[in-house]
Structures are given as structure tokens and as C-alpha cells.
Amino acid sequence: MIALGIAIAPTSHADNSVSVAVKTATVIEKQIGETLVAYGVLAPDPDQILSLSLAHAGLINRIWVRLGQRVKKGDKLLQVITAPDDRMQYLQAQNAVDFARREIERKQRLLKEQLATKAQIDAAHKALRDATASLNALHERGLDHSEETLYAPMDGIITQLDVAQGQRMQANTTAMLIAAEKRLIARLGVEAEDLGRLKPGTPVTITSVFVPGEKVESRIRELHAMINPHTHLVEVLSPIPEQQSDHWVLGSRILGHIHLTPHPALVVPRSAVLKNNRGTFVYTIRQGKAKKIKVRTGLEEGSEIEIMGPLKAGDTIITLGNYELHDGMAIRQSP
């Protein structure tokens, strides 16, 4: 029996015998900046909120406004019936003034009859001054009326209402808060580790979460120095320009794009950058062949990405067809 064997010779492919069609682009240098995305809420400017308090105890007889209502300067807000004890205090102060005046007149008659001294007259005048001062203080608190109506001191929005009709209130109790209607502010939350990269004046683009077409350009006004216990973020405040505040509603959920200071960088199309288990790299062209160069990546901006490595502006890099390449492979430009 004759055994027949077939020997198969290995096939080698030289790198210069195979070429890959590729497309290229140029490494460019440009200013690139990172954008932080922060969520938040639209709130009244804390510097433009007025607190209305009740100067004396009383009964809330009537309320003309509701939470979130717009008011104009001079609009009626609420009516308070003065508490009987406070009203009695004012009447007693009035009686004290009348008594002090009569006492001066009586002392002056006695002085003419040499039955009183000038010291007694001076004491009577002092008693009148003290009684008048007490009466004026009660007058400032509104106790000269059995009922009092509070009016809006400015155009604004009722952002807090702490009273109800029929409720009995103590003196110096806050009744409501009124925020200036056109002085709105974006309260954005950022991570604590990002705070060092922000500063007052940093540009911010603010959009509505639910109405993306609503957009305003602003700048950071304040950076808070503590973590909000509810959101676990640090608050950043950016005002809404007054001329653009008409289409915004208090309490709206908003999105802020905070534009950090740009820096010069080398950028390439994102498709030029490849990754494997050995790292990140791009391909350039050296004498008609692919040259693999390791790089590090940085910020992304649109379809471009920042790279760092042994490259310079003007170098040619491969953007399409690079997935088929290996170092030293022949290439040809795709039309």
C-alpha cells in the first residue's frame, strides 16, 4: 500500500501587498471648554422678597389673596380685627395722655396759688411726654383702629402664605412673603468637587426641562459654601434677566449648562480615536503606511474630542477605515 500525503505550504501576506482605503482629517488646535450640566429650580431672588408681619395680635377676618397669586402695588391682601386686649391697651394709653394733660393744667393753677412747685410742674410735663410716647408707639402698631387692612407694598407674587381666615394670630407673626415678579433666579445644584472650577461670572445657559425652547443666557452670581441637606449638592445661583422673565414660572424645573473657562487643545474627529485593552490610540500616515500612536483623551465638544500625545496641529490622522488597520499596513486615500 502506498501512502499519499499532501503538504500545504503556509501563505504569507506582506504588509505592502495589501492596502486599506481610508479617509483622513487634520489635527487642529482650538479653544475648548468643558460644560457642567446641573439641574435645579426657578426661585424668587432672595434679595427681593418682602416679609409682611402682623404688628399686633388679632383675628384674620378676611384674605383676598392665594398662594402663587400675582398682586399689584396697593392691592388688598388681608384684614385683621385687633385683639380686644391690644385695643384696650391703646385706649388706656389715650386715657393716660388725657390725664397727664389735665394734671399739668391742675399743677399750673396750684403754682399760681403757690400751692405747687416748679419741680412738680416739670414732673407733670415728663409724665405727659412718657404717656404720649407710649400712645405713639401703639399707634405705629395700628392699635388705634379696631380693624386693619394690609396692602401690597409692591408688584409681586405671593410665595408663602402662613395665615388662614378665622385664625387668631400673635403680634409679630409673619403673614406672607411677597417676591418681586421680575426678579427670578436659577438655583442649580453642583457636586462639591466641581465647586473649585466655578467662580462668579462663569457663563450659564439655562433651559426649561419640560419646555426646551425656553432658553436664557446668564452668569453665576453666587456660590454657596455648604451642601444642601435635601439635594446633597452645593447650590449655585444665576439670575434670570428681567427682560426675559415673562415666560418663566416660579418652581419650574430647569437645566443649567455651566461653561467653564476654555483652554487651547489639539482636537480630532471622535471617529479617529480607537481603544483596546492596551489603551487609546490613533493612526497617522508615515510614507504611505499606517502609524499607530498612543494618545490620551480629554474633553469632548460636539463631534470632536481633545487628544494629548506626540502630535501637533496640522498632522494627518485617519478617521475612517482605521478599524481594519494595524501598525505598518499600506493605505490608500478613499475618494
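The values are calculated or read from the model by the stated rules, or taken from the named source; none is laboratory data. If you're wondering where the values come from, they're calculated on a predicted model, not measured in any experiment. All Cβ positions, even for glycine, are placed from backbone atoms using ideal geometry, and neighbour counts span all protein chains on display.
Residues considered: Ala180, Ala192. Of these, the only one that is out of contact with any Pro (no Cβ under 6 Å at 6 or more places or on another chain) and surrounded by 13 or more Cβ atoms within 10 Å (Cβ to Cβ) is Ala180.
Residues are listed down the side, and each one gets a yes or a no for (1) within 26 Å of Gly156 (Cα to Cα); (2) outside the structural domain of Thr297 (by TED's automatic domain parsing):
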site: Gly201; (1), (2): no, yes
site: Ile206; (1), (2): yes, yes
site: Lys215; (1), (2): yes, yes
site: Glu222; (1), (2): yes, yes
site: Gln244; (1), (2): yes, yes
site: Arg278; (1), (2): no, no
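Considering Glu304, Glu300, Glu242, Glu235, the condition of being acidic (Asp, Glu), under 30 Å from Gln48 (Cβ atoms) and surrounded by 14 or more Cβ atoms within 10 Å (Cβ to Cβ) is satisfied by Glu235 alone.
When the test is whether a residue is buried (at least 16 other Cβ atoms within 10 Å of the Cβ) and part of a helix (DSSP H, G or I), Leu143 does not pass it.
For the criterion of being in contact with a His (Cβ under 8 Å, 6 or more places away or on another chain) and either in a loop (DSSP other than H, G, I, E, B) or within 30 Å of Gln79 (Cα to Cα) (or both), Ala171 passes. Among the residues of the range 293-321, those that are closer than 23 Å to Gln333 by Cα and among the polar types (S, T, N, Q) comprise Ser303, Thr316, Thr319. Counting only strands (runs of 3 or more DSSP E) that sit wholly inside the range 201-261, those with at least 3 residues that are of a type outside the set (D, E, K, R) are 203-208, 222-227, 234-239, 253-259. Among the residues of the range 44-57, is there at least one that is over 30 Å from Thr132 (Cβ atoms), of a type outside the set (Lys, Arg), touching a Lys or Arg at 6+ places or on another chain (Cβ under 8 Å) and assigned to a loop (DSSP other than H, G, I, E, B)? Looking through the range 44-57, at least one residue is over 30 Å from Thr132 (Cβ atoms), of a type outside the set (Lys, Arg), touching a Lys or Arg at 6+ places or on another chain (Cβ under 8 Å) and assigned to a loop (DSSP other than H, G, I, E, B).
For the range 319-329, the count of residues that are under 30 Å from Leu195 (Cβ atoms) and in a loop (DSSP other than H, G, I, E, B) is zero.
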